[in-house]
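Heads up: the structure comes next, in structure tokens.
The values are calculated or read from the model by the stated rules, or taken from the named source; none is laboratory data. A quick note: this is a predicted structure, and the numbers were derived from the prediction, not measured. Please note: Cβ atoms are built from the backbone with ideal geometry, for glycine as well, and neighbour counts cover all protein chains shown.
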Amino acid sequence: MSVTDPQPPAPDPPSDAAQEALHDRIAADSLTTRRDYLRIVATVSGGLAVGGVAVASGILHRHGDSDGSPEVKKIADVLPPGESLAFRYPGSEDRAVAVRLEDGTLAGYSAVCTHLACAVLWRKERGSEGELYCPCHEGIFDARTGEVTAGPPPRGLPKVVLVEEADGSVWAIGTARSGESAREGLCRQLGDDRPELADRLGCPGASARGTAPERSERT
Amino acid sequence: MTEDAFPRDPEAPEPARPPVAPAPAVPGTPAPSAPAAPKAPRPPAYTPGSAQPRLNRPVHERYPQIRPTSGYGDPRITHTGPGPGAGTEQEPERSSKLTARLTLALTVVIGQLWGLTIVVDEWMAGNTGTAWWGAGFLCLSFLVVLGLWLIDPKDR
């Protein structure tokens, strides 16, 4: 409205005064100067630096991080082909999923999406041999390797090393981080506490002593 | 005011002046025989300031809103009018430098956001050394922003 327009009559003085106050507040110059913005940006920058140091110090939980080597845990008596099983390993907060592919391959992964920590689900009808699928943002992981095949996740799923006994029971014996092979993960975790198993796996620096385990690894 | 507002050309012919009034009588001297002409009222002597004392107070008392850095008290105003550009911004690069510093700081913070994603990614993948290098990058970036903030001129 231009300043030359006639002012409409104000039947309700309080609301008119409120409108004028609102107009004044909107029309007023911003009280935040460029120097204020510079100070805010400097504060945000300091917060990011502190956050980076905190992350590097280990404030974030990684799947499988625990004191000492993880315990061996039986997760199923039998896992038929094409089926999956949700379990928690090694800690009670570490959600994991075990998958048996149609060709008999046994695979275990963290069930926490590396994008925004949604739950990863097994979808055997997707893809050629099934996929690990995150429904939050359409993240898709390869069921055989755990690597990202589509979607926004920045890295592959951490692994849970599974072995199968001769009677068909499935055991979890260790974990491996994203981008780490199962053997590297096991060597990292078992190198000191269980040298006989580390030696059987061929870990560098493992001692030659120890007895051979009876399980057959099929990861 | 004893002189004209405009200086006179010394080469110009002398203008006609009114007859000079006789000197006023001095106490203690004999009065002249000729009768004195009626005296014209003298204008009051010029004194700077006001007859009202409240208007003669210092500027910072009369106008508290005027800061030492406002208007002509601003040390940045070194060469304003008269002349072309009088009253306008005399040092436009000063404002430009502030905008440039803010832009650079924002760019650095965007780089820090990217760097933080790298730090998280490397930490979660188990590459702790790389994560620490990234944290160092974030701290150096913060020092850069701190420098951009602190190189502000100290005249305000």
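Here are A:E71, A:E102: which of them is without any contact (Cβ under 8 Å) to a residue 40 or more places away in the chain and in contact with a Pro (Cβ under 6 Å, 6 or more places away or on another chain)?
A:E102
Assuming B:A125 fulfils every condition listed in (1) among the small types (G, A, S); (2) within 15 Å of A:A54 (Cα to Cα); (3) at the interface with chain A (Cβ under 7 Å from one of its Cβ atoms) apart from one, which condition is it?
(2)
Just one of A:S181, A:S110, A:S169, A:S128 is over 16 Å from the mean Cα position of the chain (by Cα) and modelled with pLDDT of 90 or more; which is it?
Exactly one residue qualifies, and that residue is A:S169.
Can you tell which of B:T88, B:T103, B:T107 is among the β-branched types (V, I, T) and part of a loop (DSSP other than H, G, I, E, B)?
On inspection, the qualifying residue turns out to be B:T88.
Is it the case, given these coordinates, that B:L106 is modelled with pLDDT of 95 or more, over 15 Å from A:A54 (Cβ atoms) and more than 8 Å from chain A (Cβ to nearest Cβ)?
No: the conditions fail for B:L106.
If I filter the stretch B:42-50 for residues that are at pLDDT 85 or above and closer than 30 Å to A:G46 by Cα, do I get at least one hit?
no
Is it true that A:L60 is of a type outside the set (D, E, K, R), surrounded by fewer than 18 Cβ atoms within 10 Å (Cβ to Cβ) and within 14 Å of chain B (Cβ to nearest Cβ)?
yes
One line per residue, one yes/no per condition, for (1) outside any helix (DSSP H, G or I); (2) at pLDDT below 90:
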residue	(1), (2)
A:D29	yes, yes
A:D36	no, no
A:I40	no, no
A:L79	yes, no
A:F87	yes, no
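Look at A:P70 and say whether it is of a type outside the set (A, V, I, L, M) and farther than 23 Å from A:E147 by Cα.
yes
Being touching a Lys or Arg at 6+ places or on another chain (Cβ under 7 Å) and either part of a strand (DSSP E or B) or farther than 24 Å from A:S169 by Cα (or both) is the filter here, so list the residues in the stretch A:89-109 that pass it.
Of everything in the stretch A:89-109, those that are touching a Lys or Arg at 6+ places or on another chain (Cβ under 7 Å) and either part of a strand (DSSP E or B) or farther than 24 Å from A:S169 by Cα (or both) turn out to be A:R95, A:A96, A:L106, A:A107, A:G108, A:Y109.
Could we say that A:A21 is at pLDDT below 80 and exposed (fewer than 12 other Cβ atoms within 10 Å of the Cβ) here?
When the stated conditions are applied, A:A21 does not pass them.
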